[in-house]
1. Any idea how many residues of segment 101-117 are over 20 Å from residue 74 (Cβ atoms) and surrounded by 12 or more Cβ atoms within 10 Å (Cβ to Cβ)?
2. Which of the residues belonging to segment 42-66 are part of a strand (DSSP E or B) and under 17 Å from residue 158 (Cβ atoms)?
3. Would you check if residue 107 is in contact (Cβ under 8 Å) with a residue 60 or more places away in the chain and touching a strand residue (DSSP E or B) at 6+ places or on another chain (Cβ under 7 Å)?
4. Looking for whichever is at negative phi and at pLDDT 95 or above here; the options are 109, 125. Which one fits?
5. For residue 61, are the conditions met, namely being surrounded by 14 or more Cβ atoms within 10 Å (Cβ to Cβ), in contact with a strand residue (DSSP E or B) (Cβ under 8 Å, 6 or more places away or on another chain), at pLDDT 95 or above and under 30 Å from residue 31 (Cβ atoms)?
6. Out of curiosity, is residue 69 touching a residue at least 12 places away in the same chain (Cβ under 8 Å), under 14 Å from the mean Cα position of the chain (by Cα), more than 17 Å from residue 158 (Cβ to Cβ) and surrounded by 13 or more Cβ atoms within 10 Å (Cβ to Cβ)?
7. Going through 85, 22, 41 one at a time, which residue ends up being within 30 Å of residue 127 (Cβ to Cβ) and either at pLDDT below 95 or under 14 Å from the mean Cα position of the chain (by Cα) (or both)?
8. Looking at (1) assigned to a strand (DSSP E or B); (2) free of Cβ contacts under 8 Å to residues at least 40 places away in the same chain, which is the only condition residue 99 fails?
């Protein structure tokens, strides 16, 4: 039991630092990157059985920050609303179908002073299925709100400059 608890503690300590690592370039940026369907299928097979599973297949560093990132994602319930001030996203649906809500306002549910949920209030719903694309500009709230039973997509994350208001 101590080994299990020690292992869990180690994962909890390392997880935040892994997610905050600087972006890295994973392929030669002077050459085209080809992602065959067989590699996409192999990547999908490696996705964890969790609500939000994601594996980066291409990443390009741009100085200190991210130049762009290409990933394979699978979404299952439950999901939370999100918005990215400095990142646009292109979602290409490659399997499943469901509903994605964009726009509107993100409303947080608080419990004991902590955010326990985030959902979009208002917004526009998009019924999506295999072959559909959805482009989400920076600053636009988005949330997968319907599943049958999951949505698998290839996502392209495109950093954008922060908007000045």
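The values are calculated or read from the model by the stated rules, or taken from the named source; none is laboratory data. The structure displayed is predicted, hence computed values, not measured ones. When we count neighbours, we look across all protein chains shown, and the Cβ atoms used for this are built from the backbone with ideal geometry, even at glycine.
1. First, the residues of segment 101-117 that are over 20 Å from residue 74 (Cβ atoms): 103-117.
This time we only want the ones that are surrounded by 12 or more Cβ atoms within 10 Å (Cβ to Cβ), so: 103-108, 117.
So the answer is 7.
2. The answer is 54, 56, 57, 58, 59, 60, 61, 62, 65, 66.
3. Numbers: in contact (Cβ under 8 Å) with a residue 60 or more places away in the chain: no; touching a strand residue (DSSP E or B) at 6+ places or on another chain (Cβ under 7 Å): yes.
Spelling it out, it is not the case that residue 107 is in contact (Cβ under 8 Å) with a residue 60 or more places away in the chain and touching a strand residue (DSSP E or B) at 6+ places or on another chain (Cβ under 7 Å).
4. Details: 109 fails: at pLDDT 95 or above.
Result of the check over 109, 125: 125.
5. Against the criterion (surrounded by 14 or more Cβ atoms within 10 Å (Cβ to Cβ), in contact with a strand residue (DSSP E or B) (Cβ under 8 Å, 6 or more places away or on another chain), at pLDDT 95 or above and under 30 Å from residue 31 (Cβ atoms)), residue 61 does not qualify.
6. No; evaluated as a whole, the condition is false for this residue.
7. 85
8. (2)
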